[in-house]
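The values are calculated or read from the model by the stated rules, or taken from the named source; none is laboratory data. Everything numeric here is computed off the predicted structure, so don't read it as measured data. Cβ coordinates were reconstructed from backbone atoms using ideal geometry, including for glycine residues, and neighbour counts include every protein chain displayed.
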Amino acid sequence: MTEFETLTKTLNDRLAELTSRVRRIDENLSQPLPADFEEQAVDLEDHEAMEAVENAGMLEIQQIRRALARIAEGSYGSCTRCGEIIAPKRLEALPTATLCIACAR
Ligand SMILES: [Zn+2]
């Protein structure tokens, strides 16, 4: 496999994982609240925590989709601001990075 094929697979695996996590949270959030008021309060706190996880997941899904699109069009690995090559070490640590280290500062 080429480097990009490996990366595409890694990103797609992560995308699938995130998508199913977000779907599970969605299902959880659409459950009706318990009738008991105290249980409701606990549940609402859980809801907020789940929504935070869901939002983070959806953000990462967007970033991964963008990275996959950039791989497909051949612009992956170059900075979207200055056009310089993003250091491979940076991409290794953060495969969805769109900015080089200088522009990200
Ligand atoms: Zn840059």
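Structure summary
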{"item": "Top-ranked residue of segment 96-105 - restricted to ones that are in contact (Cβ under 8 Å) with a residue 12 or more places away in the chain and part of a loop (DSSP other than H, G, I, E, B), ranked as nearest to the ligand (Cβ to nearest atom)", "result": "Cys100"}
{"item": "Flag for Glu48 being surrounded by 16 or more Cβ atoms within 10 Å (Cβ to Cβ), away from the ligand (no atom under 16 Å from the Cβ), more than 16 Å from Leu11 (Cα to Cα) and assigned by TED's automatic domain parsing to the domain that holds Asn28", "result": "no"}
{"item": "Segment 62-95, subset touching a residue at least 40 places away in the same chain (Cβ under 8 Å) and assigned to a loop (DSSP other than H, G, I, E, B), residue nearest to the ligand (Cβ to nearest atom)", "result": "Tyr76"}
{"item": "Exclusive hit being aliphatic (A, V, I, L, M) and under 24 Å from Cys103 (Cβ atoms), set Ala72, Ala49", "result": "Ala72"}
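One line per residue, one yes/no per condition, for (1) more than 19 Å from the chain's Cα centre (by Cα); (2) β-branched (Val, Ile, Thr); (3) under 19 Å from Lys89 (Cα atoms):
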residue	(1), (2), (3)
Leu18	no, no, no
Pro32	yes, no, no
Glu54	no, no, no
Gln63	no, no, yes
Ile71	no, yes, yes
